[in-house]
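Undergrad: Below is one structure. I have some questions about it.
Please treat every number below as a calculation from the coordinates, not as lab data. Here the structure is a predicted model, which is why all the values come from computation and not from measurement. Every residue, glycine as well, gets a Cβ built from its backbone with ideal geometry; the counts of neighbours run over all protein chains shown.
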C-alpha cells in the first residue's frame, strides 16, 4: 500500500541525499577503476579528479591477463553454484516438512535454526578450520571445501525462505495428488516443487549472493591455498600487496557488477530472500 | 501409515538437520575443547588459562568496550537509516521501482568491496576526503592544515567501520520497515486527515505505533549482525580491534588458535545473552506500549 | 446393495478433546447421488475427507464397495474427488492434468489418450487440451477438475462444494450439467455443499448435518416435508420456515406476548407439555383480514418482490414473518391481518432436542 504524502521540498531533499549517499561510493569505485595513473597519483599537487583525466580500461585488461584472477573468478562462481545446489537440495525437503507437518521436536528444530544464526562467523571459523584441516575434508578441492562451509551459513536461510514459499502452496494440490495415486514423496517432487519453483528462486538468489560475498570462511580456508581463492579474498590479497587505487577499484567493480545487475534483474526475489524470517 | 509418515519426515528433514546439527555440534565442541588448551603452544589441558589471560588482558577489555560501542551506535543508526529510506520510498513517484533497486545495491555488494572503497575515499595522505578538507578543490574552503591519517585515530577509524556497516546493511532494515509500513492501510491516514491530523501527528499516532513490531525486529536482527561484525573493522580499523577482529588477531598474528577459540566462545555467549535480554526488553516494552 | 457404508464413524483431531464429527451412519447405494449439507463447520467436509482417506477415521468403520477402507490410502479406495478450489496443477496443461492419475496408475498411453478424448468430448473441453489452468475460465477449470476425476472411472465420486467458486449464473448451469452426468454415467456421488437449494435440486437423498452430527437422511421431499428437528426445518427451504418460539398453555399458544387460540388449522400435538416452538413455511401461510380461529394476529410491514411470487412481511410481536402471496395481491402496509396455516402444514418442536411433530 502506498501513501500519497504531499510532495514537498523536504522529501525531495531527503531523496537526493539518500541517492547521493548510496550512489557516490559506487560512482567512486567506477571512477577509480577507469582512472589513469595521473588521476590517482597526485602527490598532493592537485586533487584527485572526480572524472579521470584519461579514462582507460587498462586495469581490467591487466586483471584479465593475471591467471590468479581468472582462477579466483572461476572458484567464486563454482563455490556459489555448489552452495546454491547443496543448500536447495538439503533445504527444500526440510522446509517442506517443517511447513506441512507438526511433530514432536518441531519447536526444537526451529529453535536450533534460530540459534545457529547467533553464531558469529568469526567465532565459528576457528574450530571449523581446525576440523577441516585435521580431517579428510582437507583433501577435497578448495571450491568444495568453501561451498560446504557456505552451506552452513545459507542453509538456515534457505529453510526459512522455502518454508514461507511452501506455506503458500495450497494443500488441496497435494491431497488431490494423493487421491490420484501419488505417494507423499511423489506429490512433493511432481506437484509441490514445480509449483513452488519461482518462490524457491528467491532462496537460490539469496544463497548465491551470500556465497559470492562471503569473506571470513573463504579467507580462513583458502587465503594461503595454492589452488587459489574466491574473489573477495583475492581482493584482500591484492590490498595487502598494493594500495594502487585503480587496480583495487577495477577488481572491486568486477566483483560487484554481477550482483549489482542482480538487484535490477531479480529484485523481487532478492527482497523476498533478504527479509526471510523477519517479515511474516 | 503412521510409520510411513515418520519415515518420510526423516527422509525430508534428516539430511539438512544432520548436516547443520553435526556441524554446529562439532564446531561448538571443538570451540570449547580448543579453548581449554592453555599455554603458548596449548600444552596445558584442560585448563582455564586462556580465560584467565583473556579477562586480565588490557587488549581484550578494550576490544570488548569497542564492540559494545560498535553495536550501540551501529544498531540505532541502521534503524534510522532504514526508516529514512523506507519513508522516502513508501510513496508513489515516478521511477520508484528504479530508486528502490538503487537502494538495494549496498546489500548486494560484498562488504570487502565496500570497505576497500571507503578506505580509498579516506586514504592518506592523498584521497578525496583529505583533498576536500585541505582545500585542494577550488569549490571548498581549506579546513585542515595537514592531511589526516584517519587510521591512527581510534574514533575515526571505528566511525568509518560503523559507517560502512550501516551503509551496507541499511537496505535490510529498509525492507523490513517497508513491509511494516505496507501493513498500514491508506484508509487510516485518510480517516486521520478527515479529523484534521497533520503529517507529523499522523506519523506519531498512526505510523510509529504500528511500526513497533517491525522496529523491534530490526533492532534484534541488526544488533545480532552488529555483534558479529568482522570485515569493516578488519579493513577500516585494523589498529583498534573489536572482539571479532581480536579473534582473527589471536589466530593469525599471535598464532594461538586456542586463545582465539576462548574469545570466540566468549563472543558466542555474549551474543546469546544480549539477544535474549534485548528480546525480553522489547517484548516488555511492546506490552507496556499496548497497555498505554 | 450399499456401495459406501459409514458405520458409527467419528473423527477427533489430535490434541482436541472433542469429536469434530461423531456417530455418522450413512449408506450410499450404487448410482445414488447423496448430498451432505449443513452450515460451515458442521462436519460434512470432514466426513467426505474421511471417505476420501485424507483424514484418519478415529472411530467406526468405513466400507467402500464391500471392502473395509479405514486403513486404505486414498489411492487404493477407488474414489475420485473434486475440490472446491479444483486443485488443478497450475504447471501442467489441461491434458496433463486430466491424465495425471492414469499415468501414476500405470495405464498405457493409448488408453490414457482414449480416456482423455472421452472426457474432453463429454465435458466440452475440446481444443483446450494444451492450455494451462491459468488460461481457463472458472467453468472450464471446473470441468477439467471433473474430467480428471471421471477418467479414473472411480467407484465413488466425491465432490466438495464444487460449485461454490462459480458465479451465480454459471452455478445453475453446472448444476444441471452435473445432474445430467450423474444420470448418463450412472455415477455414485457423494456431494458436499452448504447450499440447501443445491442439495434439494441435485440429490437422490440428502444428509443434513448439525454441529458434528448427522441429524436426518432422506429424499429431498421427505426432509422438506418431515424435518426431524427444528434445525433441519429451518435449514431446508428458502426463504426459511417461520418460527414462533413459545409454549402451549391450556388452549392457547403463547408467543411474542400474544395468546393464539388453538383451533381451526392450528392443531396442537398430542402432548402439549414440551412444546417449545411452532413453525410454518411462508408458502403454507394464508392471510385473513378478519379474526379467524387459530389465526396469528399481526400487522403487514412491507413486500419483498421475488418475481413470480411476492413475499409479504408481517410483523407479529417483535418478529417478522414472511408469507408467500401471488404477485401483486399483497395488502398495503400497516393493515391488521391474521395468519393461518394450510391444513396439515403445522410443525411443532418439542423438548431440548427440538424434535419436529406435525399435527393435523
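Undergrad: Take residue B:45 and residue B:252, extend 7 Å from each Cα along the Cα→Cβ direction, and tell me the distance between the two endpoints in nm.
TA: Once both label points are built, they end up 2.6 nm from each other.
Undergrad: Here's something else I'd like to know. How much FRET efficiency would the formula 1/(1 + (r/R0)^6) give for residue C:342 and residue C:258, where r is the Cβ-Cβ distance and R0 is 22 Å, rounded to 0.05?
TA: Working: r = 21 Å, r/R0 = 0.94.
It comes to 0.60.
Undergrad: How high is the relative contact order of region A:1-122? Use alpha-carbon pairs under 8 Å, at least six apart in sequence, and give a whole percent.
TA: 14 percent
Undergrad: Please label the shape of region A:70-226 as rounded, prolate or oblate, based on the square roots a ≥ b ≥ c of the eigenvalues of the alpha-carbon gyration tensor (a/c under 1.5 means rounded; beyond that, a/b larger than b/c means prolate, else oblate). Before the final figure, lay out each step's value.
TA: Values: a/c = 2.57, a/b = 1.91, b/c = 1.35.
Verdict is prolate for region A:70-226.
Undergrad: Out of all DSSP beta bridges in chain C, what portion is antiparallel? Express it as a percent rounded to 5.
TA: Around 80 percent of the beta bridges assigned by DSSP in chain C are antiparallel ones.
Undergrad: Here's something else I'd like to know. So, in Å, what gap is there between the alpha-carbon centers of region C:204-232 and region C:75-141?
TA: First find each Cα centre; the distance between them is then 34 Å.
Undergrad: In whole Å, what three semi-axes, largest first, describe the equivalent ellipsoid of the protein assembly as shown built from its Cα gyration tensor (square root of 5 times each eigenvalue)?
TA: 71, 34, 28
Undergrad: Then there's this: Where Rh denotes the Kirkwood radius from the mean inverse Cα pair distance, what is Rg over Rh for region A:14-140?
TA: With Rh from the inverse mean 1/r over Cα pairs, Rg/Rh is 1.16.
Undergrad: Once R0 is set to 30 Å, what does the formula 1/(1 + (r/R0)^6) return for the Cβ-Cβ distance between residue C:30 and residue C:121, expressed as a FRET efficiency to the nearest 0.05?
TA: 0.75
Undergrad: So, one more: Counting pairs of alpha carbon atoms under 8 Å apart in space and at least six apart in sequence, what relative contact order in percent does chain C give?
TA: About 15 percent, as a whole number.
Undergrad: Using a Gaussian network model on chain B with a 10 Å cutoff between Cα atoms, which of B:36, B:265, B:133 fluctuates the most?
TA: Of B:36, B:265, B:133, the most mobile in the Gaussian network model is B:133.
Undergrad: A follow-up question, please. For peptide B:18-27, how many partner chain Cβ atoms fall within 10 Å of a residue's Cβ, on average?
TA: 6
Undergrad: Per residue of A:10-22, count partner chain C-beta atoms within 10 Å of its C-beta, then hand back the mean as an integer.
TA: Mean partner shielding for this stretch: 4.
Undergrad: How big is chain C along each principal axis, measuring the range of its Cα positions in Å and listing the largest first?
TA: Principal-axis extents of chain C (Cα, largest first): 76, 45, 37 Å.
Undergrad: Give me the distance in nm between label points sitting 7 Å out from Cα along the Cα-to-Cβ direction at residue A:45 and residue C:304, one decimal.
TA: Going from the residue A:45 label point to the residue C:304 one covers 9.6 nm.
Undergrad: Mind checking the mean number of beta-carbon atoms from other chains within 10 Å of the Cβ atoms in A:125-135? Display every interim value, and only then the final one.
TA: Numbers: counts 7, 18, 16, 6, 3, 10, 5, 0, 0, 1, 1.
Shielding by partners across A:125-135 averages 6.
Undergrad: Rounded if a/c is under 1.5, else prolate if a/b is larger than b/c, else oblate: which is region A:141-191, with a ≥ b ≥ c the root eigenvalues of its Cα gyration tensor?
TA: Oblate, because a/c is 1.5 or more while a/b does not exceed b/c.
Undergrad: Can I ask one more? What number, in percent, do you get for the relative contact order of chain B if the mean sequence gap of Cα pairs under 8 Å and at least 6 apart is divided by its residue count?
TA: 27 percent
Undergrad: Quick one: go through region C:263-292 and flag any residue whose amide nitrogen is under 12 Å from the point 7 Å out along the Cα-to-Cβ line of residue C:249.
TA: none
Undergrad: Under a plain spin-label model, where a point goes 7 Å from the Cα along Cα-to-Cβ, how far apart in nm are residue C:170 and residue B:2?
TA: 4.4 nm
Undergrad: Now, a different point. Could you pull the Cα extents of region C:193-320 along its three principal axes, largest to smallest, in whole Å?
TA: Here the spans come out as 42, 39, 23 Å, largest first.
Undergrad: By how many degrees, between 0 and 90 and to the nearest 10, does the Cα long axis of helix A:9-33 differ from the longest principal axis of chain A?
TA: Taking the Cα atoms of chain A, the angle to A:9-33 is about 70 degrees.
Undergrad: Taking 25 Å as R0, compute the FRET efficiency from the Cβ-Cβ separation of residue A:144 and residue B:183 and round it to 0.05.
TA: 0.05
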